[in-house]
1. Which one of these does N52 not meet: (1) surrounded by fewer than 10 Cβ atoms within 10 Å (Cβ to Cβ); (2) under 13 Å from the mean Cα position of the chain (by Cα)?
2. Pick from K59, K70: which is without any contact (Cβ under 8 Å) to a residue 60 or more places away in the chain, under 14 Å from the mean Cα position of the chain (by Cα), surrounded by fewer than 14 Cβ atoms within 10 Å (Cβ to Cβ) and more than 13 Å from L7 (Cβ to Cβ)?
3. When A31 is evaluated against the numbered criteria (1) modelled with pLDDT of 80 or more; (2) small (G, A, S); (3) over 16 Å from R85 (Cβ atoms), which criterion, by number, is the only one it fails?
4. Which of the residues spanning the range 57-85 are touching a Lys or Arg at 6+ places or on another chain (Cβ under 6 Å) and under 18 Å from N35 (Cβ atoms)?
5. Going by the conditions given, is Q30 surrounded by 10 or more Cβ atoms within 10 Å (Cβ to Cβ) and assigned to a loop (DSSP other than H, G, I, E, B)?
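The values are calculated or read from the model by the stated rules, or taken from the named source; none is laboratory data. Just so it is clear, the model here is predicted, and its values are computed rather than measured. Cβ coordinates were reconstructed from backbone atoms using ideal geometry, including for glycine residues, and neighbour counts include every protein chain displayed.
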Amino acid sequence: MSQGMLLAAESNDAKTVEVLEAPDSKPGDQAFIENMGIGKETIIFDDFMKVNMYVKDNKVMYKGKQLQTKKEKIKTKTIEKGKIR
């Protein structure tokens with residue numbers, strides 16, 4: 001769990017950046033990796049930056065599993081491949 005973060009995807013060529021959105025979720029909903037569940041401990045920014053999330057086929061991924069909220073899986077609108085900042 002964090003105190004709140006804003007995540008963005010950056011294309012591999014670094015020409016495009018977009019804020020990740022979860023339109024069916026509400027502010028404060030936790031995001032988590034599918035099949036990993038929701039953490040109860042607070043994660044600090046420096047530790048979070050060590051997590052290697054990436055974009056593949058417009059899906060926000062970590063070790064082959066997709067980032068999601070309880071209501072939806074997180075996707076990018078325009079970036080097909082890239083990294084998460």
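1. Every listed condition holds for N52 apart from (1).
2. K70
3. Condition (3) is where A31 drops out.
4. Once the filter is applied, which keeps residues that are touching a Lys or Arg at 6+ places or on another chain (Cβ under 6 Å) and under 18 Å from N35 (Cβ atoms), the range 57-85 yields K59, Q66, K75.
5. So Q30 fits the description; yes.
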